[in-house]
Each structure stands twice: as structure tokens, then as C-alpha cells.
Amino acid sequence: HSLRNNSGLNNRLLYKYTFSTLKKEWEKQDTLAEYQQWPVPESNSYTNYNFPAVLNNSTLLLQKWSLSQTRRFLIVDKEGKEKRILSPGTNSGERISVFQDLITWSQDVPDLRWQNRTYSEIVVFNVVTKKLKRISRKTWYFSPCFSPDGNYIAAIDETPQYNSSLVVLETSTQKIC
């Protein structure tokens, strides 16, 4: 009764009105948006592309995985040609960050002594030199992100007691700021 008294509509009419209004708004936004579609190869199995980052006008860096293949980082050109650059270990944070030719992510690393303990360490990979560098060891850092100038990496530090804090590491020295 309150809905009808305040809007003059019942549930069904309000639903139709809402979606017709949203459809008009989305169509208007779609005509204003300028975006480019990048083709991906056809596949017979479920394939997931995520975390796209623009490297330059003609290439994207992204992560790809499927039920039959492990996660890997690819460079994809405008024609859809894929070039595999690295198959990382297990991603713990499901997030990557890119600065120029550097990629960073958090990676699960099992404790050699304690079977049920796993660390989450930050890794940086240089796409050009193909060098992999571990920024942290025996830590629980998640969701690393480069600063705009690439000199720092911000990450979430979670202790075994589930206390969380933000840490900022210098990319070159790997020290906490």
C-alpha cells in the first residue's frame, strides 16, 4: 500500500518502469563510450581472461587460465595473437599490478617445515629482461599495487591472528617504508 501511495505504481509496474528507465540510460551511455574490442582465440573449453593492463597502443598484458591450463601471463596484440611470458605460481590475492615493464602479484609459498602453513609473498617480474624477483619472504602480503611512479609497492599485511594493516615497500630495496 505504501508503494502505491507514494509512487502510484504496484510492484510489477515499478519493475517495468525501472528497467525501461535503466535501459534508456545504458543505451545513452553506450553511445558516448569509446572503447576498443580485442579479439580472443576461440576455445572449446572454459577460458578466463582477467586483469588486463595496457602496455602500449598495440599490446595488452593479461592473465589467462582455463580448466585444462594453469594461470599464465600473456601479451596480446590487436589481432588477438597471444604470447606467453610467464606461468606464475599460485596467486594468493587474485590481483596483479603493472607499472611500465614490471608486473607484481602475491604468490603462495608453502612453509618447508610446517605442512599447514603457507606464506603469501610479493613477486615482481620484468617483462623485458624476463627476471623474477621476490620482494618479500615469509610474509602474508596480499593485493600488491605499484605507486604511480613505480618506486613503491603497497600491500595488505595480514598476520596469522587475522590482524590487517597496509604496508608500503620500496621496490628497489624491498624495505618497508
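The values are calculated or read from the model by the stated rules, or taken from the named source; none is laboratory data. None of these values were measured; they are calculated from a predicted model. So basically every Cβ, Gly included, is an ideal-geometry build from the backbone, and we count neighbours across all protein chains shown. Accessible surface is based on the protein model in full, side chains and every heavy atom, while ligands, DNA and RNA are left aside. Shrake-Rupley method; radii C 1.70, N 1.55, O 1.52, S 1.80 Å.
Observations, loosely collected:
- Whole-number Å³ per residue for the convex hull built on Cα positions in segment 1-67: 194
- Computed with the Debye formula from one identical point scatterer per Cα of the chain, without solvent, the log10 of I(q)/I(0) at q = 0.10 Å⁻¹ comes to -0.58.
- The chain, accessible surface, carbon-and-sulfur percent (1.4 angstrom probe): 52
- Alpha carbon convex hull of segment 105-177, volume per residue in cubic angstrom: 98
- The loop-placed trypsin sites (Lys or Arg not before Pro) in segment 1-87, going by DSSP, that have at most 16 neighbouring Cβ atoms within 10 Å of their Cβ come out as Lys78, Lys81.
- MRE, 222 nm, helices only [DSSP H, n ≥ 4, -39500 (n - 2.57), over the chain, to nearest 500]: -5000 deg cm²/dmol
- Solvent exposure of the chain, expressed per residue, is 70 Å² of accessible area, with all protein chains present and a 1.4 angstrom probe.
- Summed side-chain charge close to Ser43 - residues other than Ser43 whose Cβ falls under 12 Å, Lys, Arg +1, Asp, Glu -1: -1
- Estimated translational D of segment 52-148 in µm²/s (Stokes, Kirkwood radius over Cα pairs; 37 °C; 0.692 mPa s): 231
- Candidates Trp26, Trp38, Trp114: whichever shows maximal mean-square fluctuation once the chain is modelled as a Gaussian network with Cα springs under 10 Å: Trp26
- Between segment 119-157 and segment 29-104, the alpha-carbon center distance in angstrom: 19
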